[in-house]
Amino acid sequence: MAELHKHTYQLASRAHQQEDTLIAVGDQLIGGDHFTLIAGPCAVEHEKQMHQIASMLHLHGVRFLRGGAYKPRTSPYRFQGMGLDGLKLMRDVANTYQMYVVTELMDFSLLDEVYAHADIIQVGARNMKNYHLLKQLGGIDKPVLLKRGMDATIEEWLLAAEYILLGGNEKVILCERGIRTFDTSVRNTFDIAAIPLVKSLSHLPVIADPSQGTGNRNLVTATSLAAVAAGANGLMIEVHNDPEMALSDGPQSLYPEQFNAMMGQLRAQVKLSGKIIPDRQKLRNASQEKLTIS
Ligand code: PEP
Ligand code: MN
């Protein structure tokens, strides 16, 4: 019992639960030996964009489609997201390619909308300390992907997870997305050490987001491979059919060719790490069957 009180967080700690938490989303498992790849554009922009990106991801066996319909933008003059139309579009496209939807909930007033269209609800870095929102998410039955705040210590991040767990929602996925440091040569400083550290402290799955983590598409492959080597349970990657025209985070979005090239290296690295990644060929065959039947 004394062990339980060693940390300020309890339910999130390895002392509370030694085995890795496994989270089921449809036919997929997140955590433990399972490697989860979440990819897609920063923001949902239009139908053609979503179809082009999702069809490419589908060919690689990617099962989780990301995209923001409500975007937390630094400038109020920049694209704020498609809103409900974006959620509907994303759901339709994801269904077409047998994918699950990961999208951000910015405000509790939007919960019903987001809940109805998402399979995993993302809490952004800017909201990691929105304790009211975290408490509300403790009361739902869908997985929450909790980004690390850009100024959050590991302990603050795990305490944020604790808020959700304490409400009764055990499906929390942590996401390292870089922190603000003195160095302006990168958008954020991607904290690789946080991955093995948090995995030793907590039983929750830890995925990494090298896209927000670096802000530079040319750094994404290297940092993705490093995150896998560090023990990440998955990755969240921004990729766009036409990054030059992207309405949000273009400079950190991979070109389709870059994504294709990265996938080969990633599969090899995931195998080395001893984790399981959905088989591209098997999935393509299975889904092609489904697509022709329907
Ligand atoms: C995003 O995933 O596009 C995003 C806004 O992430 P973060 O909250 O980590 O900045
Ligand atoms: Mn983004």
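The values are calculated or read from the model by the stated rules, or taken from the named source; none is laboratory data. Just so it is clear, the model here is predicted, and its values are computed rather than measured. Glycine gets a Cβ as well: all are built from the backbone with ideal geometry, and neighbour counts include every protein chain shown. Keep in mind that these areas ignore ligands, DNA and RNA; they rest on the heavy atoms of the full protein, side chains included. Shrake-Rupley method; radii C 1.70, N 1.55, O 1.52, S 1.80 Å.
Here are some notes:
- GNM top mover of ASP209, ASP279, ASP242 - the chain, alpha-carbon springs below 10 Å: ASP279
- The helix-based estimate of mean residue ellipticity at 222 nm for the chain, built from -39,500 (n - 2.57) per DSSP H run of four or more residues and divided by its residue count, is -11500 deg cm²/dmol to the nearest 500.
- Estimated FRET transfer efficiency when R0 is 30 angstrom, pair HIS51-ASP27 (beta carbons, to 0.05): 0.85
- Amide H contacts under 5 Å for TYR100: PHE64, LEU65, restricted to partners 5 or more places along the chain or on a different chain, H placed in the peptide plane at 1.01 Å from N.
- Remark: the GLU156-ASP242 segment gains 27.3 nm on full extension, using 0.36 nm per residue and subtracting the alpha carbon distance.
- Estimated FRET transfer efficiency when R0 is 41 angstrom, pair THR96-LYS135 (beta carbons, to 0.05): 0.70
- 12 Å beta-carbon shell around ARG148, net charge (K/R +1, D/E -1): -1
- Look at the alpha carbon pairs under 8 Å that are at least 6 residues apart: their mean separation over the length of the stretch 37-119 gives a relative contact order of 31 percent.
- Annotation: extensible slack from LYS88 through ASP107 equals 5.1 nm (criterion: 0.36 nm per residue apart, minus Cα-Cα distance).
- At an R0 of 22 angstrom, the distance between the Cβ atoms of GLN17 and LEU197 translates into a FRET efficiency of 0.80.
- Heavy-atom accessible area order for HIS117, HIS51, HIS16, largest first, 1.4 Å probe: HIS16, HIS51, HIS117
- Modelled spin-label separation between TYR255 and THR189, with each label point placed 7 Å from Cα along the Cα-to-Cβ direction: 3.2 nm.
- Taking the chain as a Gaussian network of alpha-carbon nodes connected by springs under 10 Å, the highest mean-square fluctuation of the residues SER55, SER13, SER185 belongs to SER185.
- Computed on the stretch 147-294, with alpha-carbon pairs under 8 angstrom and 6+ residues apart, the relative contact order is 16 percent.
- Working from Cα pairs under 8 Å separated by at least six residues, relative contact order for the chain is 20 percent.
- Averaged over its residues, the stretch 41-164 has an accessible area of 38 Å² per residue, based on protein heavy atoms and a 1.4 Å probe.
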